[in-house]
Each structure stands twice: as C-alpha cells, then as structure tokens.
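S.K.: I am attaching a structure below and will ask some questions about it afterwards.
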Amino acid sequence: MMKLYGTPPTRTLRVIWMLNELGLEYEQVPVDLMQGEHLQPDFLGLNPAAKVPVLVDGSQVITESAAIQLYLAEKYPQVGFVPSAVEERTQMYHWIFFLMTEIEPPLWRIAVPVAER
C-alpha cells in the first residue's frame, strides 16, 4: 500500500485529491511541520529537502506534489488524466507549470500572513 507523508493545508492536499480521484488506497502518515518532524532523520531519509509531500510506492520514493501527481496519472493511464498525443501533453505541462510558477506564488503570499513566513 502506498504511503503519503504530509498533511493539509500543505501541498499534500494536491496528492490527496489525486489519490482520491484515482480511487486508490493509501496510508496517510502525518508530518507535523510545526513540531519539526520534517527535520527528523527518518523523514530526511525519504526527502533530504525536508519538504512534504512524499509518496512511497513500493521502492519508489517521489517528492514534489506535481511530480507525484504526474507519476500517479501516468501509472494509471486508464483514467485518462494524461493525453496520449504529445501536442496535448504539451498543453497539460504548460498549464501545470503556469499554475505553479505564475498563479500559486501570489496566492500563497495572500493566504499566508507576512508574520508567518
């Protein structure tokens, strides 16, 4: 069974959404960032960057929420999240990167008060 390390309201939410959309069973392993659990040796062994989410699927360890989502979409192609034509996949990648680099950063600045950053 897959293990997902992390909890909302982090980007772990993206992966939870994807796992639920795919109807997959997984174990969610909470990682309390406020308590520094992401800095513990066991977690750093999974992700030396000390970030959530982390998905463990057998011997495969995947970090970064968008990479995890793409991994799951490609692993389960029958759902149709990844277009088969390269031209259509290019558009998919375009919007993924646009959202991550242009849309999300200002939203985080609005959502997270300066004192918490």
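The values are calculated or read from the model by the stated rules, or taken from the named source; none is laboratory data. A quick note: this is a predicted structure, and the numbers were derived from the prediction, not measured. Don't worry about glycine lacking a Cβ; one is built from the backbone with ideal geometry, like all the others, and counts go over all protein chains shown. What goes into the accessible areas is simple: the full protein's heavy atoms, side chains included, and nothing from ligands, DNA or RNA. Shrake-Rupley method; radii C 1.70, N 1.55, O 1.52, S 1.80 Å.
S.K.: With a 1.4 Å probe and all protein chains left in place, how much of the accessible area of the chain comes from carbon and sulfur atoms, in whole percent?
M.R.: Summing carbon and sulfur atoms, their accessible area is 59 percent of the total for the chain.
S.K.: Can you classify the stretch 74-113 as rounded, prolate or oblate using the Cα gyration tensor, where a ≥ b ≥ c are the square roots of its eigenvalues, rounded means a/c under 1.5, and otherwise it's prolate if a/b beats b/c and oblate if not?
M.R.: In terms of gyration-tensor shape, oblate.
S.K.: What 222 nm value per residue comes from the helices of the chain, counting each DSSP H run with n ≥ 4 as -39,500 (n - 2.57) and dividing by all residues, nearest 500 deg cm²/dmol?
M.R.: Result for the chain, helices only: -12000 deg cm²/dmol.
S.K.: When the gyration tensor of the stretch 1-64 is built from Cα positions, what are the square roots of 5 times its three eigenvalues, in whole Å, from largest to smallest?
M.R.: That gives 19, 13, 9 Å for the three semi-axes.
S.K.: On to the next question. Here are several values of Cα extents along the principal axes in Å: (i) 50, 47, 27; (ii) 42, 30, 25; (iii) 44, 35, 23. Which one was derived from the coordinates shown?
M.R.: Correct label is (iii).
S.K.: First select every other residue whose beta carbon is under 12 angstrom from the beta carbon of Tyr76; then total the charges, Lys and Arg +1, Asp and Glu -1. List each step's numbers first, then the result.
M.R.: Numbers: positive: Lys75; negative: Glu21, Asp57, Glu74.
Around Tyr76, the charge tally is -2.
S.K.: In debye, nearest 20: dipole of the chain around its Cα centre with unit charges on the Cβ of K, R (+) and D, E (-)?
M.R.: Its charge dipole is roughly 180 debye.
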